[in-house]
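One structure is given here, and the rest of the page talks about it.
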Amino acid sequence: MSRGTNLSDPRIETELDQDSADDKDLIQLAGYHAYQMYEDPTTIKVNGKEFEVIDTEFGTETGLDALTVRNVENSELIVVFVGSDQIIGDWIDTNINLIGDTEPAQLLKAKGYIENRGVFR
């Protein structure tokens, strides 16, 4: 399945247009903007495109932060998750649990973030 295609949800567009976020945009959102702890709502520019910050969650007990933005041009939603910055503690616990049967707390938190946000319905 290629990026931009979701066969199970007909509400999601199957073709990327020129206003859609490309890999460079996603890298900048994840590598820089997700760490800025924006207050929503605000608008940010990424490589000439405007994105509205519509939801954030920072400082969770699991170390997982989240930034949700909407592309102003086409209403595309992007969720960026940031895991722990700490080597000791939740980073080690999360990564060790990736190979086990127990689902790491950060993955459970990410699922809950998506499931509990009205912007995704």
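The values are calculated or read from the model by the stated rules, or taken from the named source; none is laboratory data. Here the structure is a predicted model, which means the values were calculated and not measured. Every residue, glycine as well, gets a Cβ built from its backbone with ideal geometry; the counts of neighbours run over all protein chains shown.
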* Asked: So SER75 clears everything in (1) part of a loop (DSSP other than H, G, I, E, B); (2) modelled with pLDDT of 80 or more; (3) surrounded by 11 or more Cβ atoms within 10 Å (Cβ to Cβ) except one condition, right? Which one?
  -> (3)
* Of all residues in segment 58-79, which are among the acidic types (Asp, Glu) and under 14 Å from ALA30 (Cα atoms)? -> ASP65
* **Members of segment 52-72 that are part of a loop (DSSP other than H, G, I, E, B) and in contact with a Gly (Cβ under 8 Å, 6 or more places away or on another chain)** => GLY63, LEU64
